[in-house]
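K.L.:
Could you have a look at this structure, given as structure tokens, before my questions?
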Amino acid sequence: MNVECLEGSKVVLTTPASGKLYRSNLARQQQAQQQRFHLENNSSLEWLPPETIVFNGAQGRLDSHFMLQGNAQLIAWEITCLGRQASDEEFEHGELLQSIKVYREQRPLLIENTRIDNAVTANNPAALAGQSVYACMLATVDQLSEAQQKQLLESLRSQLDCPQLGLSLLRGLLVLRYLGNNAEQVRKQFEQAWAIIRPCTLGLKAVAPRIWNT
């Protein structure tokens with residue numbers, strides 16, 4: 001998927017269902033989901049998809065790259081589920097390569113690469129602390145003053161009640177991370193965070209897309 005946000009555009013993107021990487025019978029048959037987002041000056045993008053489910057035995061790659069120009073603004077999240085919880089199917093073997101990259105004017109704000117392979121299972125406490133759901137939410141806040149950034153961070157910390165959630169500020173990028181076993185929980189937490197972040201950064205009230213109610 002290649003998305004171009006032209007100058008002055010305000011874009012909200014989501015999908016009607018979760019993404020899926022299915023089991024592969026061939027060790028080298030890799031499924032790839034590549035997403036490139038280009039944001040021109042004075043544009044904004046909100047990328048708010050459901051979770052991506054990685055089936056046991058999958059060989060996959062997930063890439064999400066965000067290229068920002070000028071004062072473009074971004075709110076985005078990625079939720080990854082290893083295995084299918086509804087069917088009690090754990091992720092016991094397979095491989096996932098995942099990257100999230102955010103650049104502003106070719107300057108890196110975040111470069112994150114994750115590799116999940118056969119050494120990582122839901123029963124391995126040394127890998128993802130034995131958890132099966134991990135997620136990352138990003139929001140550009142470099143247009144805010146330092147005091148406003150700190151105030152936003154404190155608002156999130158006081159209003160989000162989830163011990164599996166961590167927050168940090170990196171080079172004008174607000175980062176929320178989740179590690180746990182509940183995709184529905186992290187989705188609700190991210191939606192709540194979005195309702196706090198959106199008015200501060202985009203000056204707009206958070207209104208859930210109608211597709212979420214179907």
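K.L.:
Roll a 1.4 Å probe over the protein heavy atoms and report the accessible area of Arg198 in Å², nearest 10.
P.N.:
Accessible area, nearest 10 Å²: 30 Å².
K.L.:
Of (i) 17.2, 53; (ii) 16.2, 49; (iii) 21.5, 70, which one was derived for Rg and Dmax of the Cα atoms in Å from the structure shown?
P.N.:
Recomputing Rg and Dmax of the Cα atoms in Å here gives the entry labelled (i).
K.L.:
Find out how many positive minus negative residues lie around Cys162, taking Lys and Arg as positive, Asp and Glu as negative, among other residues whose Cβ is under 15 Å from that of Cys162.
P.N.:
Residues near Cys162 contribute +1 overall.
K.L.:
Also: Any chance you could run the full-extension gain for Leu169 through Glu184? It's 0.36 nm times the residue separation minus the Cα-Cα distance, nm to one decimal.
P.N.:
2.9 nm
K.L.:
Is the shape of the stretch 164-211 best called rounded, prolate or oblate, per the rule: a/c under 1.5 gives rounded, else a/b larger than b/c gives prolate, else oblate, with a ≥ b ≥ c the square roots of the Cα gyration tensor eigenvalues?
P.N.:
Oblate shape, in that a/c is at least 1.5 and b/c is the bigger or equal ratio.
K.L.:
When DSSP assigns beta bridges and you keep just the ones with both residues in the chain, what percent turn out antiparallel, to the nearest 5?
P.N.:
Numbers: 32 of 69 bridges.
In the chain, approximately 45 percent of DSSP beta bridges are antiparallel ones.
K.L.:
What does the charge dipole of the stretch 90-200 about its Cα centre add up to, to the nearest 20 debye, if the Cβ of each Lys and Arg holds +1 and the Cβ of each Asp and Glu holds -1?
P.N.:
Using only the charged Cβ atoms, the result is roughly 380 debye.
K.L.:
Work out, step by step, the length gained on full extension between Glu154 and Asn113: first 0.36 nm times the residue separation, then minus their alpha carbon distance; give nm to one decimal.
P.N.:
12.0 nm
K.L.:
Have a look at Leu176, Trp212, Ile79 and report the one farthest towards the positive end of the charge dipole of the chain, computed about the Cα centre with Cβ charges (Lys/Arg +1, Asp/Glu -1).
P.N.:
Trp212
K.L.:
Relative to the Cα centre, what is the charge dipole magnitude of the chain, using +1 at the beta carbon of each Lys and Arg, -1 at the beta carbon of each Asp and Glu, and rounding to the nearest 20 debye?
P.N.:
Details: 20 positive and 21 negative charges, 44 e Å.
Rounded to the nearest 20 debye, it is 220 debye.
K.L.:
Still on this structure, please answer the following. Excluding Arg107 itself, what net charge comes from residues whose Cβ is under 15 Å from its Cβ, given Lys and Arg +1 and Asp and Glu -1?
P.N.:
For residues surrounding Arg107, the net value is +1.
K.L.:
Of His65, His38, which has the most accessible area and how do the rest follow, probe 1.4 Å?
P.N.:
Result of the area sort, largest leading: His38, His65.
K.L.:
Where does helix 146-159 land angle-wise versus the long Cα axis of the chain, in degrees 0 to 90, nearest 10?
P.N.:
Roughly 50 degrees between the two axes.
The values are calculated or read from the model by the stated rules, or taken from the named source; none is laboratory data. Computed from a predicted structure; not experimentally measured. Neighbour counts are summed over all protein chains in view; Cβ atoms, including those assigned to glycine, are modelled from backbone coordinates with ideal geometry. Quick note on the areas: whole protein, heavy atoms, side chains included, nothing else; ligands and nucleic acids left out. Shrake-Rupley method; radii C 1.70, N 1.55, O 1.52, S 1.80 Å.
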